[in-house]
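Notes follow once the structure below has been shown.
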Amino acid sequence: AQTVTQSQPEMSVQEAETVTLSCTYDTSESNYYLFWYKQPPSRQMILVIRQEAYKQQNATENRFSVNFQKAAKSFSLKISDSQLGDTAMYFCAFMKPGGATNKLIFGTGTLLAVQP
Amino acid sequence: DTGVSQDPRHKITKRGQNVTFRCDPISEHNRLYWYRQTLGQGPEFLTYFQNEAQLEKSRLLSDRFSAERPKGSFSTLEIQRTEQGDSAMYLCASSPRQGRNTEAFFGQGTRLTVV
């Protein structure tokens, strides 16, 4: 069974600074997807960034980038130029594609607070 | 289309009562998921529909829980004889047909409190 671990329950960063959120996972699959989702207070979860395991190049989306280390089963999220609107709970998630469901397996989350 | 919609947003119920939640997915999405999120935890998968067929149920889904998706459109999740341990946020998500687009779109959730 796949598991996702986020070892940082809470983090804080100053506005305009850079922060890195950690995620490790365990799987015997070779083909899978990894995601970072953002859940702002009282709002729905939205996708931040997605990485396909067979792609060696790290995904980037504007100020968000990942460091995907397949052999180490590590998938960290870097947020550059942090903004107050980045304050949210961040979840790392794993998905094995091609099966019947494409269900997501989530970590326990990291609460990020961006300080002015 | 305004995204995935869930109703109600909040529900307080007495232990032993039945509750029903509704999810309206994005209209062209044929995949629909229910997840449960308790305090301090990430969402946990409950069940999955492809069109109107319920193709997978987690062992978390006891026999007090039932979900339907008639006609492959909206879905309902019913909890019978609620218990305090059922208190959680219930999230619905939808995604398009299987393909390279793997993004799941989430609703705002229904927060259930059992007193």
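The values are calculated or read from the model by the stated rules, or taken from the named source; none is laboratory data. What you are looking at is a predicted structure, and each value in this text was computed from that prediction instead of being measured. Note that we place each Cβ from the backbone using ideal geometry, even for glycine, and neighbour counts take in every protein chain shown. Surface areas here come from the heavy atoms of the whole protein model, side chains and all, with no ligands, DNA or RNA. Shrake-Rupley method; radii C 1.70, N 1.55, O 1.52, S 1.80 Å.
Could you go through the range B:73-91 and let me know if any residue there is in contact with a Pro (Cβ under 7 Å, 6 or more places away or on another chain), closer than 20 Å to residue A:46 by Cα and in a strand (DSSP E or B). Within the range B:73-91 (the criterion being in contact with a Pro (Cβ under 7 Å, 6 or more places away or on another chain), closer than 20 Å to residue A:46 by Cα and in a strand (DSSP E or B)), the answer is yes, since at least one residue qualifies. Residue by residue through the range B:1-28, note down the ones that are outside any loop (DSSP other than H, G, I, E, B) and either under 11 Å from the mean Cα position of the chain (by Cα) or not basic (Lys, Arg) (or both). Scanning the range B:1-28 gives B:5, B:6, B:7, B:10, B:12, B:13, B:19, B:20, B:21, B:22, B:23, B:24. Looking only at residues of the range A:1-27 that are among the aliphatic types (A, V, I, L, M) and within 14 Å of chain B (Cβ to nearest Cβ), we find that the one that is nearest to residue A:115 (Cα to Cα) is A:21.
State whether one or more residues within the range A:28-40 are of a type in the set (A, V, I, L, M) and within 12 Å of chain B (Cβ to nearest Cβ). Yes: one or more hits. Taken over the range B:63-107, the criterion of being open to solvent by 10 Å² or more (accessible area, probe 1.4 Å), under 12 Å from residue B:36 (Cβ atoms) and not hydrophobic (A, V, I, L, M, F, W, C) is satisfied by B:85, B:87. Only one of B:15, B:22 is more than 14 Å from chain A (Cβ to nearest Cβ), in contact with a helix residue (DSSP H, G or I) (Cβ under 8 Å, 6 or more places away or on another chain) and surrounded by fewer than 18 Cβ atoms within 10 Å (Cβ to Cβ). Can you tell me which? The conditions single out B:15. The condition (being at the interface with chain B (Cβ under 10 Å from one of its Cβ atoms) and open to solvent by 20 Å² or more (accessible area, probe 1.4 Å)) is satisfied by just one residue among A:47, A:104, A:84: A:47.
In this entry, residue B:102 passes the filter for residues that are polar (S, T, N, Q), touching a strand residue (DSSP E or B) at 6+ places or on another chain (Cβ under 8 Å) and within 22 Å of residue A:50 (Cβ to Cβ). Just one of the listed residues (B:54, B:84, B:80) is within 14 Å of chain A (Cβ to nearest Cβ), touching a strand residue (DSSP E or B) at 6+ places or on another chain (Cβ under 8 Å) and either at pLDDT 90 or above or within 19 Å of residue B:115 (Cβ to Cβ) (or both), and it is B:54.
Of the strands (runs of 3 or more DSSP E) lying entirely inside chain A, not one contains at least 3 residues that are modelled with pLDDT under 95 and in contact with a helix residue (DSSP H, G or I) (Cβ under 6 Å, 6 or more places away or on another chain).
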